[in-house]
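Where a number appears in this text, it was derived from the coordinates with a stated rule and is not lab data. Remember, predicted model here, so these are calculated numbers, not experimental data. Cβ: placed from backbone, ideal geometry, glycine included. Neighbour counts: every protein chain shown.
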Amino acid sequence: MFKIGVLVSGNGTNLQAIIDSINNGFIKNARIETVVTNKEDAFALQRAKNNNIETKIIKVKSFENKQLYEDALIDYLKEKELDLIVLAGFMVILSEKFVNSFKNKIINIHPSLIPAFSGEGYYGLKVHEGVLKRGCKITGATVHFVTEEADDGPIIIQKAVSVKDDDTEETLQQRVMEEAEWLILPEAINLILNKKIKIVDNIVRRIC
Ligand code: GAR
């Protein structure tokens with residue numbers, strides 16, 4: 001059984017997409033071993049509990065500094081012997097030490113077509129705000145491997161979504177989730193668990 005750990009900070013609709021994909025058989029031979037959050041009031045926790053998935057709250061503020069927080073997170077995730085760590089709306093930037101502790105085993109969902117509107121400062125609604133301010137006609141979402149640079153790792157899947165003239169940040173966020181994020185995140189997990197991709201020179205290639 002392929003063991004997945006999901007890190008969340010908020011609503012958890014991407015977590016829900018993974019749960020649903022396992023429950024309806026789109027993702028086979030996998031289970032979510034744990035859902036970890038830095039926010040004790042994250043609704044994602046409720047989604048995990050509704051599905052009898054173990055949850056763990058590890059808050060940055062409980063530690064003297066960020067490194068000690070990350071060490072605790074690394075220890076906990078190592079204990080779980082995970083095959084894959086999914087950052088699904090996890091709003092903590094992770095250090096090189098964290099990334100190297102789980103090399104090529106961490107993926108992230110980002111609500112834009114990377115490299116547009118990505119990197120430090122671009123998260124959640126801020127991404128969609130940037131897209132609307134720039135007058136983009138197309139946006140989308142990206143699933144990528146996580147490296148020490150924010151939103152910079154090898155791209156696994158991207159999906160484009162149209163921007164409408166009357167979009168607000170909220171309506172655009174919702175459409176990007178519905179038309180892209182909730183589809184490509186389970187697809188990316190399948191590609192990894194079925195060993196359909198490899199990383200060559202920092203680029204994700206399909207294994208035929
Ligand atoms: C999603 O749109 C996700 O792509 C984004 O946060 C939202 C979380 O929603 N992530 C980032 O911005 C990371 N840079 P969710 O909690 O409902 O899955």
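Scan the range 47-65 for residues that are outside any strand (DSSP E or B) and either on the phi > 0 side of the Ramachandran plot or touching a residue at least 12 places away in the same chain (Cβ under 8 Å) (or both) and the total you get is 9.
Among the listed residues 4, 22, 18, which satisfies the condition of being under 26 Å from residue 193 (Cα atoms), in a helix (DSSP H, G or I) and touching a Leu at 6+ places or on another chain (Cβ under 8 Å)? Among 4, 22, 18, only 18 is under 26 Å from residue 193 (Cα atoms), in a helix (DSSP H, G or I) and touching a Leu at 6+ places or on another chain (Cβ under 8 Å).
When residues in the range 176-191 are screened for being closer than 19 Å to residue 116 by Cα and surrounded by fewer than 19 Cβ atoms within 10 Å (Cβ to Cβ), 1 of them pass. For beta carbons closer than 6 Å, sequence separation of 6+ or different chains, a first residue in the range 188-208 that is closer than 22 Å to residue 88 by Cβ and a second that is in a loop (DSSP other than H, G, I, E, B), the qualifying pairs are 189/27; 190/27; 196/207; 199/154; 204/154. Note down all Cβ pairs under 8 Å where the first residue falls in the range 166-186 and is closer than 14 Å to residue 17 by Cβ, the second is basic (Lys, Arg) and more than 9 Å from the ligand (Cβ to nearest atom), and they're at least six residues apart or on different chains. Between residues of the range 166-186 that are closer than 14 Å to residue 17 by Cβ and residues that are basic (Lys, Arg) and more than 9 Å from the ligand (Cβ to nearest atom), the close pairs are 179/159; 180/159; 183/159; 184/159.
If you filter the range 5-31 down to residues that are among the hydrophobic types (A, V, I, L, M, F, W, C) and more than 14 Å from the ligand (Cβ to nearest atom), you find that the one that is surrounded by the most Cβ atoms within 10 Å (Cβ to Cβ) is 27.
Taken over the range 33-46, the criterion of being surrounded by fewer than 21 Cβ atoms within 10 Å (Cβ to Cβ), part of a loop (DSSP other than H, G, I, E, B) and not acidic (Asp, Glu) is satisfied by 38, 39.
The requirement of being within 10 Å of the ligand (Cβ to nearest atom), of a type in the set (S, T, N, Q) and closer than 18 Å to residue 12 by Cα is satisfied by residue 142.
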